[in-house]
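Report on the structure given below.
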Amino acid sequence: MPSDKVYVRTFGCQMNVYDTGKMYALLARDGWERAETPEEATLILINTCSIREKAENKLHSTLGEYRGLRKRGQQVRVGVTGCVAQQEGEAILRRYPDVDLVVGPDGVPHIRELVARAQAGERVLDTDFLALAGYPFVPDVDPQASKLHTGFVTVQKGCDHKCTYCIVPSVRGAEVSRSADEVVAEVEALVAQGLKDITLIGQNVNGWGKGLPGDPRFGELLLRVGAVSGLDRLHYTTSHPSEMGPDIYQAHRQLPNLVPHLHLPVQSGNNRILKRMHRLYTREHYLDVVAALREARPDLVLGSDFIVGFPGETAAEFQQTLDLLVEADIVMSYSFKYSERPGTPAPRLPDAVPPEVAGQRLTALQTLQRERSLAWHRSLEGRVFPVLVEGPARHDEGVIAGRTPHGAMVNFPGSLEQLNQLALVRVTKGFTHSARGEQVGSADLR
Ligand code: SAH
Ligand code: SF4
Ligand code: F3S
């Protein structure tokens, strides 16, 4: 009899990528193999995201795809996990009679039991938040974690911020910090699998430590993780500008393997909008944080997130966002049109920005961003960097791709045998999204 195989389709942020790995690892304990395609699966889980309306809509189309498999005679159970599962809960079971289980993010630690119940024929719903005390962070490491370019390790779940546009606190619950020992143990397990690059993840990682004995600071955790032997590159994401502090600047000053790149979402460059978003910092404070980071690590490269068209945003206020991109020297960013999320306070704010205006602002911001990215990649021309090889280049045979320590993607002729190794590469030409280069040696930093 063929064994059971599970396929997980993942949408959303690194928290979902991580949860997917944990579900594979936990289900493997019960003999579930990993299916390479949905066609060979006996269980399909759709790990969903509800951060913006567009993301949420993907659930519907994806369920449609998998319905087709059943029509063609495939015996498969289908489950919905992640943030849309948490948000919609029972409504998913009512709306889609062919869905077998609906499990929110806090169901991940119990996925084995929930799947077993579905296998026994029950339609399973689990959207309860777990108690915060003794939160069961899953220690099992995804056996295929080293296939990703970086090993994700959660340091915290949930979010205690109350940004007025954001669905995350209601779908991921309150913040819980994971103990430093557990974090370090998981980092060591991934490094033992061959990973040289680790990313500490959470929605507000730099708020880590609250509620743990002794009230430790995130900077201390960075120092402990940075000391793990064999770890070449350490990243952390996402940080909140209001919770950056001297402990973190010190880690940037002290740790050579803490990468000189930080993703620090600012959302808007205007103080009135930041206040309406309940971001708890001003434009000036953000710039001070960036200056302190650069003082600690002069080669730091800054990335950010922006929301345009937030209710009430005027043309002049939006212009301040464009100006901030230049003033803070942000060279990479993700930007989004504001999207109303159910149950969040922002939709009740007056003066909604018409969608076509929001669209124009998004185009303006992304145009400026592309110019800045191009200028940055060009500024790397002629310089040599250690590049950690991630895989084949997208378009060219015989060309591989990897990243510099500060996150620039470089394509250069090479072989896939170099996967997960460091090459010394001279950048020869910068483009908007990446650069081209040539290998000039190998770089083993250890
Ligand atoms: N915890 C992180 C971000 C989480 S969500 C932080 O505080 O920055 C990732 C990004 O999605 C956010 O930075 C924001 O730019 C965007 N985003 C979140 N909610 C949104 C909404 N309702 N509409 C548009 N963009 C949104
Ligand atoms: Fe959402 Fe704000 Fe929390 Fe980030 S910090 S997850 S934007 S509520
Ligand atoms: Fe999406 Fe949930 Fe992450 S809403 S962005 S998958 S925390």
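Nothing in this text is a laboratory measurement; each read-out follows from the coordinates by a stated rule. Please read all numbers here as calculations on a predicted model, not as lab measurements. Reconstructed Cβ throughout: ideal geometry from the backbone, glycine too, with neighbour counts over all protein chains shown.
Positive end of the charge dipole of the stretch 260-378 (Lys, Arg +1 and Asp, Glu -1 on Cβ, about the Cα centre): tell me which of 335, 346, 267 has its Cα farthest that way.
The residue sitting farthest along the positive end of the dipole is 346.
Sequence-distant or interchain residues sharing an amide H contact under 5 Å with residue 255, placed H: which?
When sequence neighbours closer than 5 places are left aside, there are no close amide H contacts.
Which order results if 71, 147 are arranged by neighbouring Cβ count within 10 Å, fewest first?
71, 147
Quick one: which of 210/275; 54/157; 162/429 span more than 31 angstrom between C-alpha atoms?
Details: 210/275 24 Å; 54/157 24 Å; 162/429 43 Å.
As for pairs spanning more than 31 Å Cα to Cα, those are 162/429.
Hey, which lysines would be in cross-link range of residue 5, C-alpha to C-alpha under 26 Å, not counting anything within fewer than 8 residues on its own chain?
Within the straight-line cut-off, residue 5 pairs with 22, 58, 71, 147.
Give me 323, 19 sorted ascending by neighbouring Cβ count inside 10 Å, so fewest comes first.
323, 19
Charges at C-beta only: +1 for Lys and Arg, -1 for Asp and Glu. How large is the resulting dipole of the chain about its Cα centre, in Debye rounded to 20?
On the way: 50 positive and 54 negative charges, 142 e Å.
Result for the chain is approximately 680 debye, rounded to the nearest 20.
Under the classification rounded if a/c is under 1.5, otherwise prolate if a/b is larger than b/c and oblate if not, where does the stretch 180-259 fall, given a ≥ b ≥ c as square roots of the Cα gyration tensor eigenvalues?
prolate
Which whole-number percent gives the relative contact order of the stretch 267-355, counting Cα pairs below 8 Å spaced six or more residues apart?
The value is 36 percent.
Going out from 0 in 20 Å bins, what whole percent of all Cα-Cα distances in the chain drops into each bin?
23, 57, 20, 0
Using Cα-Cα distances under 8 Å and only pairs 6 or more residues apart, what relative contact order does the stretch 145-379 have, in percent?
17
Using the reciprocal of the averaged 1/r over all distinct C-alpha pairs, how large is the Kirkwood radius of the stretch 5-126 in Å?
This gives a value of 14.0 Å.
Give me 232, 247 ranked fewest to most by other Cβ atoms within 10 Å of their Cβ, as a rough exposure proxy.
Going from sparsest to densest Cβ surroundings: 247, 232.
Give me the Å³ per residue figure for the convex hull around the C-alpha atoms of the stretch 1-67.
Enclosed volume per residue, from the Cα hull, is 76 Å³.
What is the local net charge at residue 42, summed over the other residues whose Cβ is closer than 9 Å to its Cβ (Lys, Arg +1; Asp, Glu -1)?
Numbers: positive: 5, 77; negative: 4, 40.
Surrounding charge for residue 42 is 0.
Please give the Cα centre distance for the stretch 103-130 versus the stretch 323-364, rounded to the nearest Å.
What the calculation gives is 36 Å, centre to centre.
What percent do you get for the relative contact order of the chain when only Cα pairs under 8 Å and 6+ apart count? Mind dumping the intermediate values first?
Working: 897 pairs, mean separation 42.5, N = 446.
Relative contact order here is 10 percent.
With +1 assigned to the C-beta of every Lys and Arg and -1 to the C-beta of every Asp and Glu, and no other charges, what is the dipole magnitude of the stretch 384-443 about the Cα centre in debye, to the nearest 20? Before the final figure, lay out each step's value.
Details: 5 positive and 5 negative charges, 48 e Å.
Roughly 240 debye, rounded to the nearest 20.
Karplus couplings for the stretch 162-167 from phi (6.51 cos²θ - 1.76 cosθ + 1.60, θ = phi - 60°), rounded to Hz, Gly and Pro as x?
In residue order, the calculated couplings are 10, 4, 6, 9, 9, 8 Hz.
What does the net charge come to around residue 9 if you take all other residues with beta carbon closer than 12 Å to its beta carbon, with K and R at +1 and D and E at -1?
Working: positive: 58; negative: 65.
Neighbour charge sum, excluding residue 9 itself: 0.
Hey, what number do you get for the chain at 222 nm if only DSSP H runs of n ≥ 4 count, each worth -39500 (n - 2.57), divided across all residues, to the nearest 500?
Taken over the chain, the calculation gives -10500 deg cm²/dmol.
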